[in-house]
1. Please go through the stretch 250-273 and pick out each residue that is buried (at least 19 other Cβ atoms within 10 Å of the Cβ) and either over 30 Å from residue 2 (Cα atoms) or at pLDDT below 95 (or both).
2. Given (1) more than 18 Å from residue 364 (Cα to Cα); (2) buried (at least 24 other Cβ atoms within 10 Å of the Cβ); (3) of a type in the set (A, V, I, L, M, F, W, C), where does residue 452 come up short, assuming only one miss?
3. One residue is enough: does the stretch 515-537 have a residue meeting the conditions within 16 Å of ligand 2 (Cβ to nearest atom), in contact with a Gly (Cβ under 8 Å, 6 or more places away or on another chain) and over 25 Å from residue 363 (Cα atoms)?
4. Within the stretch 465-500, count every residue that is crowded, with 21+ Cβ neighbours inside 10 Å, more than 16 Å from ligand 2 (Cβ to nearest atom) and either of a type in the set (Gly, Ala, Ser) or not assigned by TED's automatic domain parsing to the domain that holds residue 430 (or both).
5. Just to be sure I understand the filter: pairs with C-beta atoms under 8 Å, separated by 6 or more residues or on different chains, first member in the stretch 379-397 and polar (S, T, N, Q), second member within 12 Å of ligand 1 (Cβ to nearest atom) and in a helix (DSSP H, G or I). Which pairs pass?
6. If you scan the stretch 365-408, which residues turn out to be more than 21 Å from residue 200 (Cα to Cα) and either touching an Asp or Glu at 6+ places or on another chain (Cβ under 6 Å) or within 8 Å of ligand 1 (Cβ to nearest atom) (or both)?
7. Checking the conditions here, which among 506, 447, 515 is assigned by TED's automatic domain parsing to the domain that holds residue 406 and closer than 18 Å to residue 371 by Cβ?
8. Give, as residue ranges, the strands (runs of 3 or more DSSP E) completely inside the stretch 11-88 that count at least 1 residues that are assigned by TED's automatic domain parsing to the domain that holds residue 154 and within 16 Å of ligand 1 (Cβ to nearest atom).
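The values are calculated or read from the model by the stated rules, or taken from the named source; none is laboratory data. None of the values given here were measured: they were computed from a predicted structure. Glycine also receives a Cβ, built like all others from the backbone with ideal geometry; neighbour counts cover every protein chain displayed.
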Amino acid sequence: MTKIFNDPSEFAEEALAGFCDVHAGLVRQVPGGAVRRHRPANPKVAVLAGGGSGHYPAFAGLIGAGLADGAVVGNIFTSPSAQQAYAVAKAADSGAGVVFTYGNYAGDVMNFGMASERLAAEGIQVENVLVTDDIASAPPSEADKRRGIAGDFTVFKIMGAAAEAGADLADVVRLGRKANSLTRTIGSAFHGCTFPGADAPLFALQDKQMGLGLGIHGEPGLFDTDLPSAKELGREFVSRLLAETPEGAGDRLAVILNGLGSTKHEELFVLWLTVAPLLRDAGYTLVMPEVGELVTSLDMSGVSLTITWLDDELEPLWLAPAETPAYRRGNAAVQSGDASGEEISDDGDAPAAYEATDDSREYAANCLAALDAARSCLHTAETRLGDMDAIAGDGDHGRGMVRGIDAATAAAAAAAGQGAGAGSVLIAAGDAWADKAGGTSGVLWGAGLRAFGESLGDRRSPDAEELAAGVSAFSDRITGLGKAELGDKTMVDALVPFTETFTRLAANGAEPRQAWDAAALEATTAAEATASLRPLKGRARPLAEKSVGTPDPGATSLAMIFTVMGQFLAGSGHPVTDTAAVTAADSQTAGVLS
Ligand code: ADP
Ligand code: MG
């Protein structure tokens, strides 16, 4: 249980600020995360690790000579936004290119991908290296779908050492991908972790039970079993990993026995006593093994074993010195460059002057009312959405949606106050949502709202056809970015029926409001029907079977939001100032939730 916090929603930011203060000699906080205090004397490839908070020492604890040049730091267990990744890259770039490296999670892939597009457009060389070490998250035939867990550390370490030694971007990337392809992890959980402020863990195991195949976001194990002895656990881990020995692999191993947050080092040493002889008996030499906490999951109790098969190229990089707040190896690494560290301005672009017609500004007021209705609906549903997501995912859907809509409504109101039309209001809402929500759904909602706004523009209040075009733009952006198809058990399963029904009825001359309500009903039915599906995308995929019987959280929230937005977006086209209408929207929410 996390005991020390103020406002739980500020926990990650406060933890980062405290960390940067303690380690001010080594790291410097910048918008979006942290970078090394010292700039390199000569241009070097910037290795930027990233992902959500809650995994310390991953990722910010690994900033320093011989390891990462910076870390992009998201909220607890949620991907940082594209804007954060971009900002950290700009702060860390010294002219030789940047490489983002992170575990394979959809939110991270999309956000780092979008940041990469933006950096590339500015002429900065940029690459991405994904870590996919968790053998429990997909079979070998689908190794590229595996998620990244403690193997993150080996891959970061090898890339960091290569970059420090002066390798160019292509070589750092090649070595990182090679290290990933030779790295395998298996873990188990004994007790779930608890978000700051939450009164129960994300998942619970019976006493004397263990979940095998844990994830580092509180995802429970693939199956639960009686708690084995340390010897049995060690044998289980070693046999599962060696069963996946890469073809042609050598006989020297980097090994990490990693505690997940509240497992004692002494317990790890006891386990090591089984693991090490088994590996040696199998003919392996263990090269500078690590036993301790390298990638954690808040206060989760659990352990994972990672093996990297080394070769002549990887071994010196694994052995190379490093000096970071959380990890030191060998002599203090050479620090060169000046300590002044160029300051990064917090000022964004100057606020744009909005040009919009009065008609569009009037409709912008409807958009604000629609967002407010969604906000109140999501606050009501937060716990329920989190519980749904905890069954096979990581339990953050309710929290992420609330963070997103809170930021979106505030940004939309600010833009409207500065004279923005409807399109610009929705764009502001989308950008704020993407920046603050975190998670896959946050990226998709943010990008979708932006596309909706771009389609509407600031010229006039949309008629049925223009509204249908806006909805289609929203939908196309989400399917284009997330690449989910109907039946994959995602929000797309509610979104596509909504879009098709609304477009069809609007084209047939139906009143926008009637078309919208009919489409929202379709979306609600479709969201409920996802209960019988197995997820093929997103964090719930590895635990697909557990998800059967529960509707997809993202589809459920989408149906709810669209249901309550209809009377404002597809209403009369006049601004809605009537609080009774908002109350009516609330009771609709209650209907959707019951
Ligand atoms: P995360 O999965 O990153 O924790 P959330 O929990 O907020 O993010 O959102 C989970 C929801 O996101 C899922 O229920 C699903 O509807 C949606 N989702 C996941 N992956 C995709 C995808 N590739 N395309 C569309 N929607 C997706
Ligand atoms: Mg989630």
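1. Within the stretch 250-273, 253, 254 qualify.
2. (1)
3. Checked against the condition, which is being within 16 Å of ligand 2 (Cβ to nearest atom), in contact with a Gly (Cβ under 8 Å, 6 or more places away or on another chain) and over 25 Å from residue 363 (Cα atoms), the stretch 515-537 yields at least one hit.
4. So the count comes out to 4.
5. 383/398
6. The one that is more than 21 Å from residue 200 (Cα to Cα) and either touching an Asp or Glu at 6+ places or on another chain (Cβ under 6 Å) or within 8 Å of ligand 1 (Cβ to nearest atom) (or both): 376.
7. Answer to the selection: 447.
8. The strands (runs of 3 or more DSSP E) meeting that bar are 46-53, 70-76.
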